[in-house]
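Engineer: Dumping the structure here so I can ask a few things about it.
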Amino acid sequence: MSRLDSHIQQKLAQRDSIDLAARWLAGEDGFIVEFGLGTGRSYSHLSERFPHREIFCFDRLNKTHPRSRPPADRLFLGEITQVLADPAVHARFTGRVILAHLDLGSGGPEDDVLPELVLDRIHRWLRPGAVVLSDLDLTLESPWQLERVDTTGQVEHADRYYVYRRRAG
Ligand SMILES: C[S@@+](CC[C@H](N)C(=O)[O-])C[C@H]1O[C@@H](n2cnc3c(N)ncnc32)[C@H](O)[C@@H]1O
């Protein structure tokens, strides 16, 4: 398979996974957080699917297109490990997040550990029933209280985007 075909498959799975989360979370109050804002493509889709939710984004740099740029007070810039070392950030989000979207992959070796590192720092942010979407498969730790969801039949190329749910209660 060409890299282009592989990329297209992953983007279809990402879009369908966000759409599935939007259906599951309809009517749920809470924040959405995105790790890996990039140029803002997935942020723009999240904004359309969750029009009445506050979406907070994290990235090293602001590379967004003006049409898909979060407001400055919902954008956290810097190395994620450093940003997540700030107790004020945790105070803002603990127990308030209904959806975490992780899209941090660059294909480099750091990808192997970064998603788990982020989850380890933010799992207390997740409300019961919260959804986690990830471009990379996560090795789950029991304190996170997450379960992998098989989205076959609901997401095109379901094996290309990883969906988890926080146990309720
Ligand atoms: C695949 S891109 C995100 C694409 C984006 N979701 C979109 O749809 O446009 C990955 C992003 O993660 C960011 N990133 C990766 N590792 C990071 C780290 N350690 N700290 C902060 N940002 C990081 C990169 O700067 C990059 O913008």
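The values are calculated or read from the model by the stated rules, or taken from the named source; none is laboratory data. Predicted model, so just to flag it, every value in this text is computed and none were measured. We place every Cβ from the backbone using ideal geometry, glycine too, and count neighbours over all the protein chains shown.
Engineer: With Ala91, Ala100, Ala72 as the choices, which residue is touching a strand residue (DSSP E or B) at 6+ places or on another chain (Cβ under 9 Å), of a type in the set (Gly, Ala, Ser) and more than 9 Å from the ligand (Cβ to nearest atom)?
Structural biologist: Result: Ala100 is the single residue among Ala91, Ala100, Ala72 that is touching a strand residue (DSSP E or B) at 6+ places or on another chain (Cβ under 9 Å), of a type in the set (Gly, Ala, Ser) and more than 9 Å from the ligand (Cβ to nearest atom).
Engineer: I've got another one for you. Does Arg124 qualify as being closer than 25 Å to Leu20 by Cα, touching a residue at least 12 places away in the same chain (Cβ under 8 Å), among the basic types (Lys, Arg) and touching a strand residue (DSSP E or B) at 6+ places or on another chain (Cβ under 8 Å)?
Structural biologist: no
Engineer: Kindly indicate whether Asp86 is modelled with pLDDT of 95 or more and either among the hydroxyl-bearing types (Ser, Thr, Tyr) or near the ligand (Cβ under 8 Å from one of its atoms) (or both).
Structural biologist: No: the conditions fail for Asp86.
Engineer: Quick one: Ala85 ticks every box in (1) in contact with a helix residue (DSSP H, G or I) (Cβ under 9 Å, 6 or more places away or on another chain); (2) buried (at least 17 other Cβ atoms within 10 Å of the Cβ) bar one, so which box is it?
Structural biologist: Going through the list (1) in contact with a helix residue (DSSP H, G or I) (Cβ under 9 Å, 6 or more places away or on another chain); (2) buried (at least 17 other Cβ atoms within 10 Å of the Cβ), Ala85 breaks only (2).
Engineer: Sticking with this one: Can you give me the number of residues within the range 1-22 that are in a helix (DSSP H, G or I) and surrounded by fewer than 10 Cβ atoms within 10 Å (Cβ to Cβ)?
Structural biologist: 3
Engineer: Quick one: count up the residues across the range 47-67 that are within 16 Å of the chain's Cα centre (by Cα) and farther than 15 Å from Trp125 by Cβ.
Structural biologist: 6
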